[in-house]
Amino acid sequence: MTAGNRESRSYGLIKECRYGIHDLSRTESDAVHRLPRFNKPLELGIFMGAKHYGAPRQREKRLLIFDTEQYRYQKFISDLAGMDIHAHGAEPETALIETRHWLTNVSRRQLLGEQDLLAWYRAFREELPTLAERLGLDPAGLTYADFDQILSGWLESRPVART
């Protein structure tokens, strides 16, 4: 995939999404170049620009920002000072529950309860290696597209949740 295609896809996704969830915790330097990857902060900036400068529909966007520690982001993106950054402590289950609470508040929809959501998450994580191997894929090296397809199929096979 060329950069132009990835960029266009990112813009398209951001344009269509009402809710943006951005995790700034993956900004550590890589071992080869000793430079951080800034895709996530770039996507956050594009989302914020769309919300601020976009058409009325874009201004309805809602935003959740995560980092490992609550104020760590100030060391590398201090312009976010004053925003409500959520800390997940590098714990996926914490991020999942925080996201659930946030979505419940901004969407005003009834969502799957915390315990059921965590049970689904744990079940999927346990089944993921087997699901990937059935497709001839390396569970440790899944592309985003492969992961998305596996997750979508897994969710479709689940009974409808009642909360």
Subject >> Nearby lysines by direct alpha-carbon distance to K61 (threshold 19 angstrom, same-chain neighbours under 8 apart not counted) >> reply: K15, K40, K51
Subject >> Nitroxide proxy distance, nm - points 7 Å out along Cα→Cβ at S107 and K15 >> reply: 2.3
Original post:
Relative contact order (percent) for the stretch 17-111, with alpha-carbon contacts under 8 angstrom and 6 or more residues of separation?
Top reply: 26
Original post:
So how do 85-92, 31-38 stack up, highest first, on mean other-Cβ count within 10 Å?
Top reply: 85-92, 31-38
**OP:** Straight distance only, please: which aspartates and glutamates reach the Cα of K75 with their own Cα at less than 20 Å, same-chain residues fewer than 8 apart left out?
**Re:** D23, E28, D30, E43, D67, D84
**OP:** Count neighbours as other Cβ atoms within 10 Å of each site's Cβ, and list the GluC sites (Glu not before Pro) in the stretch 24-123 that are DSSP loop with at most 12 such neighbours.
**Re:** E28, E60
Original post:
Placing +1 at every Lys and Arg Cβ and -1 at every Asp and Glu Cβ, with all other atoms neutral, what dipole size does the chain have around its Cα centre, in debye to the nearest 20?
Top reply: 720
**OP:** Would you mind giving the three semi-axes, in whole Å and largest first, of the ellipsoid equivalent to the stretch 113-163 according to its Cα gyration tensor?
**Re:** 22, 11, 9
**OP:** State the answer as a single residue: which of P56, Q115, Y144 lies farthest towards the positive end of the charge dipole of the stretch 56-163, with beta carbon charges of +1 for Lys and Arg and -1 for Asp and Glu, about the Cα centre.
**Re:** P56
Original post:
Of T99, T94, how do they rank once you tally other Cβ atoms within 10 Å and put the fewest first?
Top reply: T94, T99
Subject >> Local electrostatic count, Y144, Cβ distance below 12 Å [Lys/Arg +1, Asp/Glu -1] >> reply: 0
Subject >> Sorted by Cβ neighbour density within 10 Å, fewest at the top, the residues F47, F76 >> reply: F76, F47
**OP:** Return the percentage of antiparallel bridges among DSSP beta bridges fully within the chain, rounded to the nearest 5 %.
**Re:** 10
Subject >> (1) 141; (2) 108; (3) 156, with the label sought being that of the calculated volume of the Cα convex hull per residue in Å³ >> reply: (3)
**OP:** Choose one of F124, V106, P92: the residue whose Cα lies farthest towards the positive end of the charge dipole of the stretch 53-138 (beta-carbon charges +1 Lys, Arg; -1 Asp, Glu; about the Cα centre).
**Re:** V106
Original post:
What ranking of L112, L42 emerges when the number of other C-beta atoms within 10 Å of each C-beta is taken as an exposure proxy, fewest first?
Top reply: L42, L112
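Read the figures in this text as sums done on the coordinates, not as results from a lab. What you see is a predicted model; the values in this text were computed from it and never measured. So basically every Cβ, Gly included, is an ideal-geometry build from the backbone, and we count neighbours across all protein chains shown.
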